[in-house]
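Colleague: This is the structure I have questions about; it appears just below.
The values are calculated or read from the model by the stated rules, or taken from the named source; none is laboratory data. All values derive from a computational prediction rather than experimental measurement. Here the Cβ positions follow ideal geometry from the backbone for every residue, glycine too, while neighbour counts run over all protein chains shown.
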Amino acid sequence: MIHNYCTVLSKGYIHRGLILYNSLKKYDQDFRFFFVCMDDEVESLLKRMTLDRAILITMKHIEAQDPELAAIKAVRNDKEYIWSSKGSVLLYLFRNYPKLNHIVWLDGDIEFYANPEPIFTELGKCSILLTKERFVEAYSELNNIYGIFNTGLMGFKKNSHTINCLKWFRKKCIEWCYDKVEPGKWSDQMYVNNWPVMFYDVRVMKHIGINVTAWNIQGARVSKQEDEIYINGEKLIFYHYSGLKFINYNEFDLCSYIDLPKDVKELIYMPYIEKYQNMIDQVNGYVDNFYNGLHYKEYKYCNYYKLGGKGANG
């Protein structure tokens with residue numbers, strides 16, 4: 001069965017999205033990736049790169065069918081707008097690709113380390129597939145701020161239960177979806193908290209190697225055997241690099257909100273940063289200085305890392 005994925009890519013996430021795509025080419029033998037491009041520059045670059053398993057869609061296409069989404073664009077930053085658009089994007093894909101019987105949403109800052117088949121085995125048993133945040137006990141109160149489920153992965157089978165859920169999700173995210181906390185108002189993840197009781201046929205994935213983040217890898221036993229990485233003895237399927245900040249060609253904050261154990265940095269983050277820099281070089285081969293990073297002047301680093309080589313700070 002062909003596996004269908006989608007994500008939204010802004011200029012700031014282009015390198016991460018391409019690393020994600022390449023990791024799927026390595027581990028998934030039969031897939032399509034729907035890239036929703038935030039602007040024309042992203043679409044133009046991806047067209048030039050001729051990604052053989054990618055289908056390119058611009059956000060303009062989605063906004064043309066969803067004027068309520070388009071109306072909020074001016075008041076939300078790129079991150080907030082991508083969060084706000086998730087329901088609209090998924091409904092657009094099911095509506096405009098009638099033969100599409102499922103879709104897996106992936107955030108752009110993900111890399112696969114093994115065959116994704118366990119995801120689709122689970123999706124075959126339900127209509128809607130979620131993964132928990134799995135905050136370690138010391139940070140369990142963060143469920144009240146960031147939600148119970150991590151929406152970096154959401155799987156949907158096309159049926160009436162899914163469409164009803166996505167219509168509700170779209171409406172809520174358009175009403176309010178910001179990267180800040182206000183009483184009774186949320187980012188996209190908090191809206192997902194009650195899906196298992198609100199909607200029919202929702203399943204929560206238990207595989208600890210899926211949607212691994214800086215939060216849930218704290219205190220875990222991380223090991224490498226040949227080319228495979230294991231988390232507490234379970235094979236790592238994909239890692240979600242939320243909190244990673246690309247400062248410039250050589251400088252990164254590996255995770256901006258929590259310290260990382262040494263073995264996690266060495267086994268998971270260092271190889272990713274090298275791929276990131278290689279992807280910058282690859283992209284610049286098509287469009288010079290396509291995206292140069294954030295160039296923070298005043299910024300408190302949590303996991304600062306400088307990769308040697310050329311560039312402004314090399």
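Colleague: Counting only residues that are within 24 Å of Glu63 (Cα to Cα) and modelled with pLDDT of 95 or more, give me the strands (runs of 3 or more DSSP E) lying completely in the range 126-226 with at least 3 of them. Steps first, answer last, please.
Modeller: On the way: elements: 128-131, 153-157, 202-205, 222-225.
Those strands (runs of 3 or more DSSP E) span 153-157.
Colleague: Another question about this same structure. Given the conditions (1) touching a His at 6+ places or on another chain (Cβ under 8 Å); (2) aromatic (Phe, Trp, Tyr); (3) surrounded by 19 or more Cβ atoms within 10 Å (Cβ to Cβ), and given that Trp215 satisfies all but one, which numbered condition is not satisfied?
Modeller: Looking at each condition in turn, Trp215 falls short on (1).
Colleague: List the helices (runs of 4 or more DSSP H) inside the range 1-86, counting only whole elements, that have at least 2 residues being within 20 Å of Asp179 (Cβ to Cβ).
Modeller: 14-27, 67-71
Colleague: Across the range 254-269, which residue is farthest from Ile229 (Cα to Cα) among those that are within 19 Å of the chain's Cα centre (by Cα) and in a helix (DSSP H, G or I)? It would help to see each step written out before you state the result.
Modeller: Applying the first criterion (within 19 Å of the chain's Cα centre (by Cα)) to the range 254-269 yields 254-258, 268-269.
Applying the additional criterion that residues be in a helix (DSSP H, G or I) yields 268-269.
Details: Ile268: 8, Tyr269: 12 Å.
Residue satisfying both the conditions and the ranking: Tyr269.
Colleague: With respect to the numbered conditions (1) touching a strand residue (DSSP E or B) at 6+ places or on another chain (Cβ under 6 Å); (2) at pLDDT below 95, which one is the sole condition not fulfilled by Glu80?
Modeller: Answer for Glu80: the failing condition is (1).
Colleague: Here is a further query. Restricting to the range 246-264, name every residue that is in contact (Cβ under 8 Å) with a residue 40 or more places away in the chain and surrounded by fewer than 18 Cβ atoms within 10 Å (Cβ to Cβ). Full working, then the answer.
Modeller: Filtering the range 246-264 down to residues in contact (Cβ under 8 Å) with a residue 40 or more places away in the chain leaves 246-261, 263-264.
Matches in the range 246-264: Asn248, Ser256, Tyr257, Ile258, Asp259, Pro261, Asp263.
Colleague: Anything in the range 79-95 that is within 12 Å of Phe34 (Cα to Cα) and of a type outside the set (Val, Ile, Thr)? List them, or say none.
Modeller: As a first pass, look at the range 79-95 and keep what is within 12 Å of Phe34 (Cα to Cα): 89-90, 92-94.
Within the range 79-95, Leu90, Tyr92, Leu93, Phe94 meet the criteria.
Colleague: Go over the candidates Arg16, Arg48 one by one and state the one that is crowded, with 20+ Cβ neighbours inside 10 Å and among the charged types (D, E, K, R).
Modeller: Details: Arg48 fails: crowded, with 20+ Cβ neighbours inside 10 Å.
Step by step, each of Arg16, Arg48 is checked, and only Arg16 is crowded, with 20+ Cβ neighbours inside 10 Å and among the charged types (D, E, K, R).
Colleague: Report yes if some residue within the range 303-311 is under 15 Å from Thr213 (Cβ atoms) and either touching an Asp or Glu at 6+ places or on another chain (Cβ under 7 Å) or at pLDDT below 90 (or both); otherwise report no. Talk me through it step by step, then tell me what you get.
Modeller: Initial filter on the range 303-311 (under 15 Å from Thr213 (Cβ atoms)): 303.
Filter once more, so that each one left must be either touching an Asp or Glu at 6+ places or on another chain (Cβ under 7 Å) or at pLDDT below 90 (or both): 303.
Scanning the range 303-311 turns up at least one residue that is under 15 Å from Thr213 (Cβ atoms) and either touching an Asp or Glu at 6+ places or on another chain (Cβ under 7 Å) or at pLDDT below 90 (or both).
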